[in-house]
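Notes for the one structure printed next.
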Amino acid sequence: MSAGSADPNQEERRLRERPSILDLSFAELEEIVRGLDEPAYRARQLWISLYRTLTPSFGEMSTLARSLRAKLEQHYTVDCFETAVEERSKDGSTDKALLRLRDGELIETVLMRYEADDHRKRRKTVCISTQAGCALGCTFCATGQQGFRRQLSVGEIVAQVMRMERIARAEDNAEIAVNERSRGERQGVTNVVFMGMGEPLANYDNTLAAVRVLNHDQGLHIGARHITVSTVGLPDQIVRLGSEDVQINLAVSLHAPDNATRSQTMPINKRHPIEEVIEACRDYVAATNRKIFFEYVLLDGQNDSVDHADRLGRLLRGMLCHVNLIPVNPTTEGPYPRPGRAASKAFQEKLTTHGVASTVRMEKGIDINAGCGQLRARALTETR
Ligand code: SAH
Ligand code: SF4
């Protein structure tokens, strides 16, 4: 439809509702470019402008011919959201953004900066959302308490990383200017975790497509081994993920060693009991030969006793896995206090007696509600 002949209101609506170009895979972009009678190498230039140089608008993509830029502008946008709230923790390690999608839905993205320690190099990790809200209702989770709104598109998932990548690159460049640190070191975001709002494997296709975009060697090029998808434990999707050709890490939210305890905080356990989840995990390990990460949120008085640790050890012994123990981030609505250091340590020691390796995960951004869904919950409370 040409702009001239259309009703101006309709034309305005059409422009407002243009799809995001970030929803397309590289192959789809090639097809679009071909359809516009442009040479194939233009697709690669466009992809590089979008995902490597992070050019924020078609107008600024100076490697592309002006006519192509105008055509793209007619049919697509590069934007997915605007920033509603942005906060940095007092220690400067964590940035959190509440993003307003084009239809008004709110999602959260977090950037966490970690200094090098004995085990790992310094890194910058982005935690991204895959759904607006979540249907699964875990009782300790701020997102779960807000209900499901909708699936995120591929572009909406990837753009969260791009947003934080701009910040991370800018600060790396500023630091290099001062320190003359080695330029060979990768700049910007080093790791991505799908641990924000929503259940990634309930938005399976878009999650996988987003992983492929993040991993693409002409774009952000985040190594698959630096990408972690966290799931509440959907057995069929875990097995399916094991058959994909991507080498990402899988984290499974276990949070209890038995069905009675797990069903109290995770309604999904009634549909997919723990045995099913563990069986799927064993299949996954057998198919991929990759270690699974089990997440275990420690809830004071609920799942954090040495006896729970003993049962968890029995459940997981002999399996290629690692347990991340996470003292709960208290939410406004959740009734669970955070256990003390002694309880976490005793829990960890008991796991060790079964030969099950674990880490107590460092907490970040508590002062800015950096836990899953907490900033949105607060923003909604404040605007109510
Ligand atoms: N839906 C997926 C991924 C998003 S949640 C999943 O459940 O795995 C990412 C992780 O944060 C999960 O392990 C989840 O259990 C955990 N989490 C949720 N609420 C939390 C809280 N209040 N404190 C600490 N961890 C929490
Ligand atoms: Fe959903 Fe994960 Fe929160 Fe459970 S913990 S409600 S699955 S986002």
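The values are calculated or read from the model by the stated rules, or taken from the named source; none is laboratory data. Predicted, not measured: the structure shown is a model, and the values here were computed from it. Ideal geometry is used to build each Cβ from the backbone, glycine not excepted, and the neighbour counts take in all protein chains shown.
State yes or no: is Glu82 part of a strand (DSSP E or B) and modelled with pLDDT of 95 or more?
Values: part of a strand (DSSP E or B): yes; modelled with pLDDT of 95 or more: yes.
Against the criterion (part of a strand (DSSP E or B) and modelled with pLDDT of 95 or more), Glu82 qualifies.
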* **Among residues of the stretch 221-257, those that are more than 16 Å from ligand 1 (Cβ to nearest atom), crowded, with 16+ Cβ neighbours inside 10 Å and in a loop (DSSP other than H, G, I, E, B), counted** => 1
* Structure fact -> Those residues of the stretch 342-362 which are surrounded by 13 or more Cβ atoms within 10 Å (Cβ to Cβ), small (Gly, Ala, Ser) and assigned to a helix (DSSP H, G or I) amount to Ala343, Ser344, Ala346
* Looking at the stretch 150-171, is at least one residue farther than 23 Å from Pro56 by Cβ and modelled with pLDDT of 95 or more? -> yes
* Scanning the stretch 284-332 for residues that are in a strand (DSSP E or B) and away from ligand 2 (no atom under 16 Å from the Cβ), which turns out nearest to the chain's Cα centre (by Cα)? -> Ile292
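From the list Ile274, Ile268, pick out the single residue that is more than 21 Å from Arg338 (Cα to Cα), in the same structural domain as Phe194 (by TED's automatic domain parsing) and either within 14 Å of ligand 2 (Cβ to nearest atom) or of a type outside the set (A, V, I, L, M) (or both).
Working: Ile274 fails: either within 14 Å of ligand 2 (Cβ to nearest atom) or of a type outside the set (A, V, I, L, M) (or both).
Matching residue, one of Ile274, Ile268: Ile268.
Taking the options Ala210, Ala177, name whichever one is at pLDDT below 95, away from ligand 2 (no atom under 16 Å from the Cβ) and in a helix (DSSP H, G or I). Outline the logic, then answer.
On the way: Ala210 fails: at pLDDT below 95.
When all the criteria are applied, what remains is Ala177.
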* Pairs, please: C-beta under 7 Å, at least 6 apart or cross-chain, first residue more than 18 Å from Glu275 (Cβ to Cβ) and in the stretch 314-329, second of a type in the set (Asp, Glu)? -> Asn324/Glu295; Ile326/Glu295; Pro327/Glu363
* **Exclusive hit being within 16 Å of ligand 2 (Cβ to nearest atom), closer than 23 Å to Ile222 by Cα and not aromatic (Phe, Trp, Tyr), set Thr143, Thr130, Thr139** => Thr130
* To do: Just one of (1) in a strand (DSSP E or B); (2) away from ligand 2 (no atom under 16 Å from the Cβ); (3) not hydrophobic (A, V, I, L, M, F, W, C) trips up Arg150, so point out which.
  => (2)
* To do: Consider only pairs whose beta carbons are under 9 Å apart and that are at least six residues apart or on different chains; among these, list those whose first residue lies in the stretch 128-140 and is closer than 23 Å to Asn191 by Cα and whose second residue is buried (at least 23 other Cβ atoms within 10 Å of the Cβ) and aromatic (Phe, Trp, Tyr).
  => Ile128/Phe194; Ser129/Phe194; Thr130/Phe194
* Inspect all residues belonging to the stretch 118-127 and state whether any of them is touching a strand residue (DSSP E or B) at 6+ places or on another chain (Cβ under 7 Å), within 25 Å of Asp23 (Cβ to Cβ), charged (D, E, K, R) and part of a strand (DSSP E or B). => no
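Each row is one residue, and each column tells you yes or no for (1) in contact with an Asp or Glu (Cβ under 6 Å, 6 or more places away or on another chain); (2) of a type in the set (Ser, Thr, Tyr); (3) more than 22 Å from Pro19 (Cα to Cα).
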position	(1), (2), (3)
Asn173	no, no, yes
Gln187	yes, no, yes
Val211	no, no, no
Gln218	no, no, yes
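Let's see how each residue does on (1) buried (at least 23 other Cβ atoms within 10 Å of the Cβ); (2) within 16 Å of ligand 1 (Cβ to nearest atom):
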site: Lys96; (1), (2): yes, yes
site: Met112; (1), (2): no, yes
site: Phe148; (1), (2): no, yes
site: Arg166; (1), (2): no, no
site: Asp172; (1), (2): no, no
site: Ile176; (1), (2): no, no
